[in-house]
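Each value in this text was obtained by applying a stated rule to the coordinates, not by laboratory testing. This is a predicted model, so every value here is computed, not measured. Here Cβ is always computed from backbone atoms with ideal geometry, including for glycine, and neighbour counts include all displayed protein chains.
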Amino acid sequence: MGLLYLMRTLVYFWLIWRAKEIFMGVRRWVPAAMAAFLILGLGQYVFLPDMRFLLRYGWDEHYWRLIGTVLDPNYMGVMAGMIGFYFLDKNYKNYKFNKEMAMILMAAATLALTWSRASWLAFGAAAGWWAVSGRPGRPGRLGRLGIFGVLAVLGVGVWWAAPKPGGEGVNLLRTSSIQQRLLSWNQAIGVWKQHPWLGVGFNNYGGRAPSSSWLLLLATLGVLGSLGILGEIREIGGIRNSKFWLGIIIMVSVHAIFNNTLFYPPVLGLVAMMRVRGAR
């Protein structure tokens with residue numbers, strides 16, 4: 001089973017690498033699919049904000065948090081951030097209100113309403129890098145900083161106006177999730193220390209997977225295997241030569257510190273969709 005888990009992950013990376021050839025037939029539907037994803041998420045927040053009933057089915061309980069169709073605010077948040085970043089990079093020189101600008105604003109609102117601090121941090125890291133990545137004096141740099149500032153203000157405004165009933169999920173100072181992550185990180189580090197170079201293998205990791213893709217890679221594949229995975233990511237066609245893709249890598253990598261983002265199929269599927277659409 002552990003070998004199959006690893007093979008599945010490698011297949012995901014292969015699909016991203018060959019996305020343009022495999023999914024070219026549905027290329028024109030990619031923006032519509034992204035829009036539908038955000039609209040369904042916002043619809044859930046507006047019409048069904050109390051999702052605590054999911055607890056009986058094994059999901060976490062969420063109250064007044066946007067979890068969307070993936071039923072998880074953390075992954076919903078990073079995917080909304082990726083969609084916003086995608087249209088932000090394509091449209092930053094056009095200050096008119098158009099379809100792309102509407103998608104940017106909708107993605108920013110979606111991201112804010114997830115109350116996912118990891119997603120906010122990941123998007124902030126990628127967008128901050130994007131805003132200052134131009135050369136000094138290069139036209140458009142001030143515009144990028146301005147857009148980044150507008151999005152930050154919009155996010156804060158949506159957060160301020162959103163309902164804040166009692167509960168741990170909407171408490172930005174919550175520590176329970178931090179404590180759970182620290183416990184899983186300590187366990188993963190302990191497993192890695194026993195087999196630092198080659199890891200224990202996916203089939204030998206006892207207990208629940210840690211809340212960090214990077215620590216899961218270290219514990220199961222070791223340093224050498226993890227470097228191999230990083231090499232595969234770097235070699236995905238065109239990514240290493242693109243500022244946009246570097247921004248996406250920054251966002252996913254930061255988010256993966258706190259969640260199993262690198263092993264989550266919808267996130268990797270969204271990356272493939274962006275490859276199909278020809279993000280630069």
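Close amide H partners of Ala162, meaning residues 5 or more places away or on another chain with modelled amide H under 5 Å apart, do not exist here. Taking 7 Å steps out from each Cα toward its Cβ at Trp129 and Ile189 produces label points 2.4 nm apart. Springs between Cα atoms under 10 Å define the GNM used for the chain, and in it the highest mean-square fluctuation of Leu224, Leu151, Leu38 occurs at Leu224. Between the beta carbons of Phe97 and Thr175, assuming R0 = 41 Å, the FRET efficiency works out to 0.50 to the nearest 0.05. Residue pairs exceeding 27 angstrom between C-alpha atoms, taken from Lys99/Lys243; Lys20/Lys99; Lys99/Lys164; Lys193/Lys243: Lys99/Lys164; Lys193/Lys243. Taking 7 Å steps out from each Cα toward its Cβ at Leu154 and Val223 produces label points 4.4 nm apart.
With θ taken as phi - 60° and the Karplus curve 6.51 cos²θ - 1.76 cosθ + 1.60 applied, the whole-hertz 3J(HN,Hα) list for segment 184-198 is 5, 5, 4, 5, 5, 5, x, 5, 5, 4, 6, 9, x, 8, 10 Hz, x standing for glycine and proline. When the Gaussian network model of the chain links Cα atoms closer than 10 Å, the mean-square fluctuations of Leu182, Leu111, Leu54 top out at Leu54.
Charge dipole (Cα centre; +1 on Lys/Arg Cβ, -1 on Asp/Glu Cβ; no other charges) of the chain amounts to roughly 900 debye.
Tell me the mean residue ellipticity at 222 nm calculated for the chain from its helices only (DSSP H runs of n ≥ 4, each -39500 (n - 2.57), averaged over every residue, nearest 500). Let's see the in-between values first.
Numbers: 11 runs with 179 residues, N = 280.
Counting only the DSSP helices, I get -21500 deg cm²/dmol.
Between Gly207, Gly157, Gly43, the GNM of the chain built on Cα springs shorter than 10 angstrom shows Gly207 fluctuating the most. Between the C-alpha center of segment 247-277 and that of segment 18-76 there is a gap of 15 Å.
Fully extending the segment from Ala36 to Leu246, taken as 0.36 nm per residue of separation minus the present Cα-Cα distance, adds 73.0 nm. When the chain is described by a simple charge dipole with +1 on each Lys and Arg Cβ and -1 on each Asp and Glu Cβ, the residue from Tyr75, Pro163, Phe23 located farthest towards its positive end is Phe23. Given axes a ≥ b ≥ c from the Cα gyration tensor, I'd like to know whether the chain is rounded (a/c under 1.5), prolate (a/b larger than b/c) or oblate. In terms of gyration-tensor shape, oblate.
Think of segment 2-276 as having a plus end and a minus end, set by charges on the Cβ of Lys, Arg, Asp and Glu; of Met7, Trp129, Trp185, Trp129 sits farthest toward the positive end of this dipole.
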